[in-house]
């Protein structure tokens with residue numbers, strides 16, 4: 001169950017990265033540089049585990065700030081910063097401010113992500129994972145629960 005939920009998290013995060021590569025905005029000179037753009041996404045989802053046990057699931061809308069880096073007309077890497085408010089799917093339906101930062105390296109196909117979730121009832125989660133967007137493989141790295149008032 002843990003693997004399936006993490007796959008769903010990363011799949012949804014990967015959709016954002018896939019949308020990044022599908023748009024392919026070019027730098028002003030057409031060859032080398034960075035391109036920055038924003039998009040809204042209403043399908044954000046995050047599952048939180050404590051020692052392999054599902055303790056919370058969160059969903060909602062986020063705004064994504066994408067930055068694509070190009071060299072010699074080839075995309076090299078991308079960063080993706082997602083911010084917004086999402087809500088727990090469990091009672092008491094705590095509202096969380098989310099800050100999700102991912103870095104995609106096109107040559108390796110790897111995208112490490114760090115998710116910081118701060119709830120309005122005092123709950124604070126920090127989750128780390130990597131996502132291989134070429135194979136779909138998810139590798140959970142660490143989850144920290146710093147405050148929990150549920």
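The values are calculated or read from the model by the stated rules, or taken from the named source; none is laboratory data. Predicted model, so just to flag it, every value in this text is computed and none were measured. Cβ coordinates were reconstructed from backbone atoms using ideal geometry, including for glycine residues, and neighbour counts include every protein chain displayed.
Rundown of residues vs (1) more than 14 Å from residue 41 (Cβ to Cβ); (2) touching a helix residue (DSSP H, G or I) at 6+ places or on another chain (Cβ under 8 Å), yes/no style:
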residue	(1), (2)
73	yes, no
78	yes, yes
81	no, no
88	yes, no
92	yes, no
100	no, yes
103	yes, no
110	yes, no
Conditions (1) under 19 Å from residue 123 (Cα atoms); (2) surrounded by 15 or more Cβ atoms within 10 Å (Cβ to Cβ): number failed by residue 64
(1)
Residue match in region 129-136 (condition: at pLDDT 90 or above, within 23 Å of residue 85 (Cα to Cα) and not in a loop (DSSP other than H, G, I, E, B)):
no
Quick one: is residue 55 in contact with a strand residue (DSSP E or B) (Cβ under 8 Å, 6 or more places away or on another chain) and at pLDDT 95 or above?
no
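Looking at this structure, is residue 110 free of Cβ contacts under 8 Å to residues at least 24 places away in the same chain and over 20 Å from residue 57 (Cβ atoms)? Talk me through it step by step, then tell me what you get.
Numbers: free of Cβ contacts under 8 Å to residues at least 24 places away in the same chain: yes; over 20 Å from residue 57 (Cβ atoms): yes.
Answer is yes for this residue.
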For region 76-98, which residues satisfy the criterion of being more than 14 Å from residue 61 (Cβ to Cβ) and assigned to a strand (DSSP E or B)?
76, 77, 78, 79, 80, 81, 88
